[in-house]
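Enquirer: Sharing a structure below in structure tokens format, with a few things to ask.
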Amino acid sequence: MKIRNIAAGCALLLAVSPAIAGDASGVDSGEPFSLGADISLGYDTDYVFRGQALAEDLLTTTLNLNTISLGDGMNLDLGAWYANTYGGGYTELNLFGGVSVDLGDASLSAGITYYTSDTDGFDIVEPYIGIGTEMAGLDVSLGYAYDSDDDSAYVALGAGKSLELSDSITVDVSASLNYGDDYYGVDGFNNFDLRIGLPIAVGDATLTPYIAGSIAVDALEDAGGEDELYGGVSLSLSF
């Protein structure tokens, strides 16, 4: 089974990635068209997307225009994610855009992600919708993405928690249970993702080492999917 390398600066869902629920972390200033952005450079030991290990030694650049306030609790989220392997054997570009709405006790987001790669020669348009809220002290979210090329869908139910260790260090823990609806040969529960990050504020920048794992379950395991353990680090700057 070959799942196309649609990434997700993404690491879809939850993660709550740009790919599924947008980044609703931006603060609505109440002023229309106020703008915030961040740029990140990253390295991943393995490129694992939706339970599949697709490449090694991945170098990434992410640009998020993620706090474009439209006023009244509505934000426009735009961004781009570019990746290439250290040896130059693979490249990929993702462009994503969507709208997130603050509903008070929850946030709703919807948009489109476009994936393309000269190396594998694919072009995929993937609409998504996601909803997030707080429950029992956890940030909980549900996301749905539709692959228009494969006529299939991917669903993720996620939860996360951030703990402040000091004024400059935070521990971020997130997990998601993912389901494939006839998604490239997977029809059933796909995998369980777990990620632990350690954002460290360094002046105006943030350095984030992380470790993550993917456990193949049900349909993905039956299709030959394997458990994956990987990690990496990113450096981001907000402006």
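Throughout, read-outs are computed from the coordinates displayed, never taken from laboratory work. Since the model is a prediction, treat every value here as computed from it, not as a measurement. When we count neighbours, we look across all protein chains shown, and the Cβ atoms used for this are built from the backbone with ideal geometry, even at glycine.
Enquirer: For residue 90, list long-range residues whose amide hydrogen, built 1.01 Å from N in the peptide plane, is under 5 Å from its own amide hydrogen.
Expert: Amide H neighbours of residue 90: 85.
Enquirer: Count the net charge of all other residues whose Cβ sits under 10 Å from the Cβ of residue 175, scoring Lys and Arg as +1 and Asp and Glu as -1.
Expert: Summing Lys/Arg as +1 and Asp/Glu as -1 gives +1.
Enquirer: Once you list every other residue whose beta carbon is under 14 Å from the beta carbon of residue 88, what net charge do they have if Lys and Arg are +1 and Asp and Glu are -1?
Expert: On the way: positive: none; negative: 56, 57, 92, 118.
So the surrounding residues net to -4.
Enquirer: A follow-up question, please. Give me the percent relative contact order of region 57-165, please, defined on Cα pairs under 8 angstrom at least 6 residues apart.
Expert: Rounded, it is 15 percent for region 57-165.
Enquirer: Mind checking the alpha-carbon convex hull of region 28-185 and giving the volume per residue in Å³?
Expert: Residue-normalised Cα hull volume stands at 141 Å³.
Enquirer: Taking R0 as 30 Å, what's the FRET efficiency between residue 162 and residue 63 from their Cβ-Cβ distance, rounded to 0.05? It would help to have the intermediate numbers written out before the result.
Expert: On the way: r = 23 Å, r/R0 = 0.77.
Efficiency computed from Cβ-Cβ geometry: 0.85.
Enquirer: Calculate one ³J(HN,Hα) per residue across region 88-93 by plugging θ = phi - 60° into the Karplus curve 6.51 cos²θ - 1.76 cosθ + 1.60, and present them in order as whole Hz with x for glycine and proline.
Expert: Values per residue, Gly and Pro as x: x, x, 8, 9, 7, 10 Hz.
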